[in-house]
1. Once label points are set 7 Å from the Cα along Cα→Cβ at both residue 236 and residue 58, what is their separation, rounded to one decimal in nm?
2. Once both labels are modelled 7 Å past Cα along the beta-carbon direction, what's the residue 346-residue 261 spacing in nm?
3. Please give the Cα centre distance for the stretch 26-50 versus the stretch 52-77, rounded to the nearest Å.
4. Quick check: pseudo-label points 7 Å beyond the Cα along Cα→Cβ at residue 8 and residue 225, how many nm apart are they?
5. Give the peptides 206-218, 21-33, 336-348 in descending order of average Cβ contacts within 10 Å, highest first.
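Nothing in this text is a laboratory measurement; each read-out follows from the coordinates by a stated rule. What you are looking at is a predicted structure, and each value in this text was computed from that prediction instead of being measured. As a convention, Cβ positions derive from the backbone with ideal geometry for all residues, glycine included, and neighbour counts pool all protein chains shown.
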Amino acid sequence: MGDMWTIKAALDWTVGYLERKGDENPRLSAEWLLSEACDMSRIQLYVSFDRPLSLEERDILRGYVTRRGKGEPLQYITGYAAFRHIQVKVRPGVLIPRPETEVLVSEALSLLPAAHRRVALDSTIDAWEGDALIAAEAAAAEAAQDGSDDTSETLKRSHQAISAYLDAQQDHDDGDGCDRPDGSVVAKPRPLLVADICTGSGCIACSVAYERPDTRVIATDIAPEAVALAKDNAAELRLSDRVRIEQGDLGSPVPAAAMGRLDLVVSNPPYVPTAVLAEIPREVADFEPALALDGGADGNDILRRLLPWTAAALRPGGGFAFELHETCLDAAAELARQAGFHQVRIVDDLAGRPRVLTGVKPV
């Protein structure tokens with residue numbers, strides 16, 4: 001290129017370079033990278049064709065384009081991904097949110113009871129009580145290990161929080177309510193408990209909490225880098241009071257006191273059949289973690305472990321929604337029925353491919 005790097009000249013050069021490197025959508029990639037380098041929207045690019053790039057912008061763009069030319073996903077380069085109604089940070093080592101996973105969230109939300117109308121903040125619980133549940137279990141385990149019959153003050157407070165939380169659930173189920181100053185009674189909303197297993201970036205957990213403020217979500221992942229990223233995203237979206245992220249294998253971090261009381265279990269587990277991994281695009285295989293992708297020989301290895309835990313974790317009438325590989329759904333549906341679930345359904349993604357499995361625990 002010549003000395004004058006205008007927006008249009010930079011865009012044309014980037015498109016040509018990425019075409020030669022085999023980018024499947026070089027114009028979209030070029031627009032995205034140039035927008036990031038110049039801190040402009042894609043619309044602003046097209047009304048600012050004559051604006052020259054600063055030296056700093058040119059250096060940033062060159063770095064971005066070099067990385068993209070090597071096949072690195074755009075989301076890792078820019079550091080974020082749009083997902084439903086939110087934007088989440090992404091980092092190498094953690095799976096990038098996919099558009100088809102937005103369908104998973106839609107199906108998961110549809111399994112929840114209708115949202116309550118907003119009331120004054122006089123309900124017993126106003127945030128996820130996972131901290132109290134976990135603290136109680138830890139304190140109880142410590143007391144048991146010490147052989148002490150004395151109940152610590154921490155344990156007392158934690159048990160009180162648990163009791164209040166479960167009482168709030170029972171009050172709602174029994175039709176109890178909150179008295180207003182004028183003597184009227186308003187139904188006490190029961191916070192809905194959700195577990196997001198294999199949370200990755202936390203995009204599912206954060207979307208559920210963002211779109212349903214009456215939920216309390218505990219999200220788990222075995223990978224420490226995923227847990228750290230999900231915590232950052234919950235904090236960035238100001239959802240940390242309702243989304244708790246814990247490291248552990250599948251549902252193991254979910255407190256025992258919450259088992260049998262969850263309204264929803266949602267998961268995008270590793271589900272790609274091992275043989276199919278050899279055929280996935282280079283930018284996925286070379287840059288995204290195999291741990292988050294490999295679902296074993298038939299893609300359902302994790303599902304076989306997840307279904308029994310889900311059956312124990314859900315309350316009667318609670319539901320699950322899992323994203324799975326298109327070749328695995330029929331077998332997965334049969335596994336769900338064998339595990340005792342009713343209303344088992346297979347839902348297609350936006351491209352018309354089987355993608356999501358849902359089911360309900362019998363009442």
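1. 3.1 nm
2. Distance between the two pseudo-spin positions: 3.7 nm.
3. The stretch 26-50 and the stretch 52-77 have Cα centres spaced 12 Å from each other.
4. Label-label distance for residue 8 and residue 225, simple model: 4.2 nm.
5. 206-218, 21-33, 336-348
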